[in-house]
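One structure is given here, and the rest of the page talks about it.
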């Protein structure tokens, strides 16, 4: 090898080493910042507008609006959000006479953050939602699940269908993948080995999450990546999403939750898509036609999969329609709630 090539190779190796050191330093810095930030007990940090209820193995934080005697509508948020993201919709439901209940699904918001990936299985999350209904003495509810929040919502409807008067899914992220025949399949159960290896290295996993996930500096950018209407990502909404990031154990909880979502084997009832055809309650799918997270073809496939279901497409919006176009979303939701139930 010529002296020039030796020098060039040495320079490249030094550059790679410097970049690796910079990356390690960045991850370490934000990991330390998250440890300092996540210092408050949930009970002391939670807003006075809500309350905690015991839901099986955890305490769930929830917020309510509307008359307690109104028809109950339970709202389940998606990734990285918490109950407050439903505030505008809750007020519309309350004005229409409904009893709106928005929950913080663990590990998000102010609810408990149990340790271990298996703590966030679809079955356990569904049981927690059902335990909330029992704690509030709600016999039958309309259950609304958005994005990944649709997973425990559908599981709850499969486990105790008698408790779910109707099911409304908003751009649900159910882990669907296409097949050659055009129908959907559940694709979570085949994670690549690098994914499994990454999540098995808990310190590295948490450091990356502290840098790009639970870092308040990333909140706005992540939020914008989910929506088509970028103006919907206002400073007030970003600040709202950042509020619970001070709760103890947030980054580790997010890591365990994400590990189950992308690297664990899901054997829940909802992983068998054929079971969806057994739904007997009204099922309404509300979908943004510009959703790039869960594209519209998934809604069309689900509508075909579940006899009697309805797909409502909202033009011009992406993955979070109740934030991107609240008026049209709320109109669609109220129509879905008024949809006549079949005779049981």
With the requirement that a residue be crowded, with 19+ Cβ neighbours inside 10 Å and out of contact with any helix residue (DSSP H, G or I) (no Cβ under 9 Å at 6 or more places or on another chain), what does segment 244-298 give you? 298
Going by the conditions given, is residue 80 at pLDDT below 95, under 25 Å from residue 43 (Cβ atoms) and not in a strand (DSSP E or B)? yes
Check whether at least one residue in segment 244-262 is under 23 Å from residue 104 (Cα atoms), part of a helix (DSSP H, G or I), modelled with pLDDT of 95 or more and over 18 Å from the mean Cα position of the chain (by Cα), and report yes or no. yes
Scan of segment 134-164 for residues that are farther than 14 Å from residue 268 by Cβ, assigned to a helix (DSSP H, G or I) and touching a strand residue (DSSP E or B) at 6+ places or on another chain (Cβ under 6 Å), ordered by number: 135, 149
Test: residue in segment 169-181 that is outside any helix (DSSP H, G or I), under 19 Å from the mean Cα position of the chain (by Cα) and surrounded by fewer than 16 Cβ atoms within 10 Å (Cβ to Cβ): yes
Select from segment 300-324 the residues that are crowded, with 22+ Cβ neighbours inside 10 Å and assigned to a loop (DSSP other than H, G, I, E, B) and list them in ascending order. 317, 318, 319, 320
Looking only at residues in segment 225-243 that are touching a residue at least 60 places away in the same chain (Cβ under 8 Å), under 21 Å from residue 46 (Cα atoms) and over 15 Å from the mean Cα position of the chain (by Cα), which one is surrounded by the most Cβ atoms within 10 Å (Cβ to Cβ)? 237
Per the filter on segment 148-168, residues within 15 Å of residue 309 (Cα to Cα), crowded, with 24+ Cβ neighbours inside 10 Å and out of contact with any helix residue (DSSP H, G or I) (no Cβ under 6 Å at 6 or more places or on another chain) are 157
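The values are calculated or read from the model by the stated rules, or taken from the named source; none is laboratory data. Treat the numbers as computed from the prediction; the structure is a model and nothing was measured. Note that we place each Cβ from the backbone using ideal geometry, even for glycine, and neighbour counts take in every protein chain shown.
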